[in-house]
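Heads up: the structure comes next, in structure tokens.
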Amino acid sequence: MSGPNQTVQEIVGRYLDGSSEGFDGLFSEAGGCCCTKDDLAPCGEMQGDCEAGFLATPEQAANLGLSTEDCPDSPFWITRVKPDEQDNQESLSGI
């Protein structure tokens, strides 16, 4: 949808899709949550402190020094630092 009546979710989704950085979704350090750009804010509450980031496995997130304790069953994380691309494609192929 394009026009004056876009939701914040639509605007953010378009930004993530059009970014030359290759962002995969959003994360919040304060909230310990994350979402992919294909499923933005599944909880229905996009927060003002969400940041654009890159898809990572829980292992990759832990290697980057992030705590994965908030969502131990999550198959993915969105991080500020882009994990190694080859590892990412192999590890996240089923998501």
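The values are calculated or read from the model by the stated rules, or taken from the named source; none is laboratory data. Everything numeric in this text was worked out from a predicted model, so none of it was measured. FYI the Cβ positions are ideal-geometry reconstructions off the backbone, even for glycines, and counts take in every protein chain you see.
Given the condition basic (Lys, Arg), farther than 14 Å from LEU26 by Cβ, at pLDDT 80 or above and touching a strand residue (DSSP E or B) at 6+ places or on another chain (Cβ under 9 Å), answer yes or no: does some residue in segment 59-82 qualify? So far as segment 59-82 goes, yes, one or more of its residues are basic (Lys, Arg), farther than 14 Å from LEU26 by Cβ, at pLDDT 80 or above and touching a strand residue (DSSP E or B) at 6+ places or on another chain (Cβ under 9 Å).
Give the residues of segment 51-68 that are assigned to a loop (DSSP other than H, G, I, E, B) and surrounded by 19 or more Cβ atoms within 10 Å (Cβ to Cβ), sorted by residue number.
Keep residues of segment 51-68 that are assigned to a loop (DSSP other than H, G, I, E, B), which gives 57, 64-68.
Once the filter is applied, which keeps residues that are assigned to a loop (DSSP other than H, G, I, E, B) and surrounded by 19 or more Cβ atoms within 10 Å (Cβ to Cβ), segment 51-68 yields THR57, LEU66.
Does GLY48 satisfy being part of a loop (DSSP other than H, G, I, E, B) and either at pLDDT below 85 or within 20 Å of VAL8 (Cβ to Cβ) (or both)?
On the way: part of a loop (DSSP other than H, G, I, E, B): yes; either at pLDDT below 85 or within 20 Å of VAL8 (Cβ to Cβ) (or both): yes.
Yes, satisfied.
So, of the residues in segment 7-45 that are among the hydroxyl-bearing types (Ser, Thr, Tyr) and surrounded by 14 or more Cβ atoms within 10 Å (Cβ to Cβ), which turns out to be modelled with the highest pLDDT?
THR36
Taking the criterion of being of a type in the set (Phe, Trp, Tyr) and outside any loop (DSSP other than H, G, I, E, B), the residues of segment 2-45 that qualify are TYR15, PHE27.
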